[in-house]
Amino acid sequence: MLFLLSFPHTRRNTFFHWVSGERVMSCASKRHVRSESAFRFRAVSALLPPSPPALPAVRIEYPPPDISPWIAGNCGIQGVHHFESRRPGPHVAVTALMHGNEYAGAYALQQLLMQPLRPLHGRLSLIFLNLAAYKNFNPARPTLSRFVEEDMNRLWQPELIASAHTSVEMQRVREVLPVLETVDILLDIHTMLWPAQPLFLCSMAENSRDLAYCVSGAQTNPPAVVQDSGHEDGLRLIDYTRFNTPHSYMRACLLEAGQHWQKNAAQQALLSTRLFLAQTGTLPSAPTSTAPSEPVRQAVVTDCVQALTSRFVFVQPFTSGSIIRKAGTVIAFDGQDEIRTPYNNCILVMPNLRPRRGHTAVRLAKRLNNKTGT
Ligand SMILES: [Zn+2]
């Protein structure tokens with residue numbers, strides 16, 4: 001069954017929670033520092049930026065899964081497991097460990113690989129991506145093994161892959177690329193540092209949005225679906241040309257399954273993987289896929305706010321999904337700049353409360369009423 005489920009499109013006002021921004025409004029004069037920016041203003045403000053919050057003390061609720069039986073792979077590439085049905089159908093793939101300390105996806109793949117796997121149709125690949133970073137995972141310093149040399153999920157630009165640039169992560173991209181170049185439908189599993197409800201991210205391509213929408217909508221508590229056009233600092237796997245071409249059959253989405261190292265994130269990763277494989281016709285339907293679903297919350301990212309200084313700080317510890325009612329509300333300071341919401345009812349997607357300079361601090365998004373974007 002390929003995405004044949006239909007879902008209610010009822011408007012619901014409780015998808016994201018509301019935050020009043022009035023108390024942080026400033027009466028100082030403002031001017032744009034970059035004409036192309038709808039959210040960044042230079043200000044002489046009466047407000048002093050608050051101190052940045054401490055990193056969250058996230059408890060490691062379950063240990064990193066032992067993937068040693070699957071490191072060798074079964075098709076000549078480390079960490080890649082490939083299964084053929086010998087019947088026509090798409091090549092479907094699930095990727096985990098793009099970031100070495102986000103092991104909810106590895107847990108999901110481990111659970112699948114412990115059983116005999118035979119796709120009903122097409123082909124299936126289960127891929128552990130950044131094995132080198134995962135090997136470095138240390139529960140005493142769990143945030144340090146996101147990557148070895150550079151963020152693997154910013155390297156999926158064909159020109160960069162073809163260039164002389166090299167790193168541990170770049171080499172791994174080149175190793176798995178021959179497999180990914182034949183994948184038609186992809187689910188890439190991640191988790192988040194800051195507390196947040198699960199959500200699906202996808203590119204602006206309609207087919208990828210439909211994929212995320214279907215996997216979300218089959219759940220009793222559907223994760224939000226957020227479309228964006230990526231990061232300024234490099235292409236993600238879901239942005240790779242093969243998966244990000246309008247009107248193409250190929251499609252991809254990224255699951256942020258929850259907070260790092262939390263059991264409910266591992267459960268969400270496994271549930272979404274099973275539903276994804278059932279909906280693509282790769283494996284039999286998961287029992288949970290028959291549960292009645294709530295409407296799927298959808299949003300589209302309009303602006304990606306990068307921290308231009310090392311002094312980026314939010315005015316309060318926003319959580320993902322916060323809605324700022326009024327346009328022009330100050331949500332953060334970045335050195336001498338104020339970051340203001342560019343429109344009413346602006347949704348904050350995955351705010352990073354301690355962004356490093358040059359990294360994404362938050363995405364600003366508009367709510368869509370239903371999957372057609374009307
Ligand atoms: Zn990640």
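The values are calculated or read from the model by the stated rules, or taken from the named source; none is laboratory data. Treat the numbers as computed from the prediction; the structure is a model and nothing was measured. Note that we place each Cβ from the backbone using ideal geometry, even for glycine, and neighbour counts take in every protein chain shown.
Remarks
- Against the conditions (1) over 22 Å from ALA265 (Cα atoms); (2) more than 16 Å from the ligand (Cβ to nearest atom); (3) not aromatic (Phe, Trp, Tyr), GLY217 satisfies every one except (1).
- Scope the stretch 123-143; condition in a helix (DSSP H, G or I) and modelled with pLDDT of 95 or more; matching residues: LEU131, ALA132, ALA133, TYR134, LYS135
- Selected residue (criterion: nearest to SER272 (Cα to Cα)) from residues of the stretch 118-150 that are exposed (fewer than 15 other Cβ atoms within 10 Å of the Cβ) and aliphatic (A, V, I, L, M): LEU144
- Taking every residue in the stretch 184-196 that is within 13 Å of LEU126 (Cα to Cα) and in contact (Cβ under 8 Å) with a residue 12 or more places away in the chain and pairing it with any residue that is more than 15 Å from the ligand (Cβ to nearest atom) and part of a loop (DSSP other than H, G, I, E, B), at least 6 positions away or on another chain, the pairs with Cβ-Cβ distances below 7 Å are ILE185/PRO90; ILE185/THR280.
- Here PRO56 qualifies as outside any strand (DSSP E or B), within 16 Å of the ligand (Cβ to nearest atom) and either over 26 Å from the mean Cα position of the chain (by Cα) or farther than 22 Å from MET152 by Cβ (or both).
- THR191 modelled with pLDDT of 95 or more and crowded, with 17+ Cβ neighbours inside 10 Å: yes
- Boolean, GLY100 is within 16 Å of the ligand (Cβ to nearest atom), part of a loop (DSSP other than H, G, I, E, B) and outside the structural domain of LEU353 (by TED's automatic domain parsing): yes
- Residues of the stretch 314-357 classified as hydrophobic (A, V, I, L, M, F, W, C) and over 29 Å from LEU255 (Cβ atoms), total: 4
- The set of residues in the stretch 115-143 being away from the ligand (no atom under 14 Å from the Cβ) and in contact with a Pro (Cβ under 9 Å, 6 or more places away or on another chain) consists of LEU120, HIS121, GLY122, ARG123, PRO139.
- Enumeration of residues in the stretch 103-122 that are within 16 Å of ILE67 (Cα to Cα), hydrophobic (A, V, I, L, M, F, W, C) and part of a loop (DSSP other than H, G, I, E, B): MET114
- Residues of the stretch 144-170 that turn out to be in a helix (DSSP H, G or I), hydrophobic (A, V, I, L, M, F, W, C) and within 14 Å of the ligand (Cβ to nearest atom), as a count: 1
- Checking each residue in the stretch 258-282 for being surrounded by fewer than 23 Cβ atoms within 10 Å (Cβ to Cβ), among the polar types (S, T, N, Q) and touching a residue at least 12 places away in the same chain (Cβ under 8 Å) picks out GLN259, GLN262.
- Residue identified as away from the ligand (no atom under 16 Å from the Cβ), within 20 Å of LEU177 (Cα to Cα) and under 18 Å from the mean Cα position of the chain (by Cα) among ALA93, ALA106: ALA93
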